[in-house]
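Data block below; observations after.
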Amino acid sequence: MIAKEFVEKCRSFLEANRIRLDEPMKLHTTFQIGGPADCLIFPASMEETERIFKLAAEYKVPFTILGNGSNVLVRDKGIRGLVIKFDRPMSRIEVDGTRIRAAAGAMLKDVSEVAATSNLTGLEFACGIPGSIGGAVFMNAGAYDGEMQDVIASVKAVDSRGEVHVFPREELQLGYRHSIFQENGEAICEVELALAAGKQSEIREKMQGFTERREAKQPLELPSAGSTFKRPEGYFAGTLIDQTGLKGLTVGGAQVSKKHAGFVVNAGEATAEDVQNLIHEVQRRVREAHGVELKPEVRIIGEA
């Protein structure tokens, strides 16, 4: 349970629709799965985030940070304490020469579109990634020929005491689907990107090519959390799963996509338990068939 005083103090500076109690997390994840959060808050600025964190520390409220909810599975009993979701209220995008500054809740595809409109190249790979820019930095998201580490200049984040830190790119410990924020627990609030001047026609052509490839190969018609497994060294997860004959394998409402074996999809009222059981079964069968250990790329959070 969250202290009433904490909620009341948050309500003193947050609009009513930006603080919600017992909010179903299935409404806030691309998997469309997940039990209720005790309290869900949508900050609109870094200053609000600072105030929320300071109050959470004062009242000892545990917190979970969420972006667009595109790379997470929330367990069926939901999330205790506070969920801070960076969404539309915090989605500002600014262009300054070849630099773009974006608040954490800005959708990556929108930042990519602003870059294209501004004749800036380097972010084309991100045009179809279904996440916020904060989440993309957290996971060092990538696709096709690029990763976030190729374009990040710096990141502003707020720690659990409500203090702001600025991280230059070289301090972010960026690696395959990894950043320092997975260890330090700080909330990414603003990202500065360093891009290059380019020709809009070439940028658009590249983005169109990536979009066509994504639409042809990925199961975009069903809810999912994106690629379910990390790429094992020397292999492709989807290829291994396909070779093991697991396309279409179903547990409850969860299914290995018939279109792309690297995706687990919500084929109809799937629970988080369905998804986890399917993940474990895929891991077991691939291990037995190929001797390769698949590791989930999807973050699993909340209470089982």
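The values are calculated or read from the model by the stated rules, or taken from the named source; none is laboratory data. Please read all numbers here as calculations on a predicted model, not as lab measurements. Because the Cβ atoms are built from the backbone with ideal geometry, glycine has one as well, and the counts that use them run over all protein chains shown.
Okay, residues lined up against (1) over 22 Å from Gly162 (Cα atoms); (2) at pLDDT 95 or above; (3) part of a loop (DSSP other than H, G, I, E, B); (4) under 19 Å from the mean Cα position of the chain (by Cα):
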{"position": "Phe6", "(1), (2), (3), (4)": "no, yes, no, no"}
{"position": "Cys10", "(1), (2), (3), (4)": "no, yes, no, no"}
{"position": "Leu14", "(1), (2), (3), (4)": "no, yes, yes, no"}
{"position": "Lys26", "(1), (2), (3), (4)": "yes, yes, no, yes"}
{"position": "Gln32", "(1), (2), (3), (4)": "yes, yes, yes, yes"}
{"position": "Glu48", "(1), (2), (3), (4)": "no, yes, no, no"}
{"position": "Lys54", "(1), (2), (3), (4)": "no, yes, no, no"}
{"position": "Asp110", "(1), (2), (3), (4)": "yes, yes, no, yes"}
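Rundown of residues vs (1) among the basic types (Lys, Arg); (2) farther than 19 Å from Glu297 by Cβ; (3) in the same structural domain as Phe63 (by TED's automatic domain parsing); (4) in a helix (DSSP H, G or I), yes/no style:
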site	(1), (2), (3), (4)
Phe125	no, no, no, yes
Phe138	no, no, no, yes
Ser154	no, yes, no, no
Ser160	no, yes, no, no
Ile188	no, no, no, no
Ser201	no, yes, no, yes
Ser227	no, no, no, no
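Counting just the residues of region 46-91 that are aromatic (Phe, Trp, Tyr) and touching a strand residue (DSSP E or B) at 6+ places or on another chain (Cβ under 7 Å), which one comes out surrounded by the most Cβ atoms within 10 Å (Cβ to Cβ)? Outline the logic, then answer.
At the first step, the residues of region 46-91 found to be aromatic (Phe, Trp, Tyr) are 53, 59, 63, 86.
Add one more test, that the residue is touching a strand residue (DSSP E or B) at 6+ places or on another chain (Cβ under 7 Å), and what stays is 53, 63, 86.
Working: Phe53: 23, Phe63: 19, Phe86: 26.
Selected residue: Phe86.
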field: Failed condition for Glu215, given (1) surrounded by fewer than 21 Cβ atoms within 10 Å (Cβ to Cβ); (2) part of a loop (DSSP other than H, G, I, E, B)
entry: (2)
query: Residues in region 134-190 that are closer than 18 Å to Phe63 by Cβ and among the hydroxyl-bearing types (Ser, Thr, Tyr): how many?
result: 1
message: Which of the numbered conditions does Ala153 fail, given that it passes all the others? Conditions: (1) closer than 27 Å to Arg231 by Cα; (2) more than 15 Å from the chain's Cα centre (by Cα); (3) hydrophobic (A, V, I, L, M, F, W, C); (4) buried (at least 17 other Cβ atoms within 10 Å of the Cβ).
response: (4)
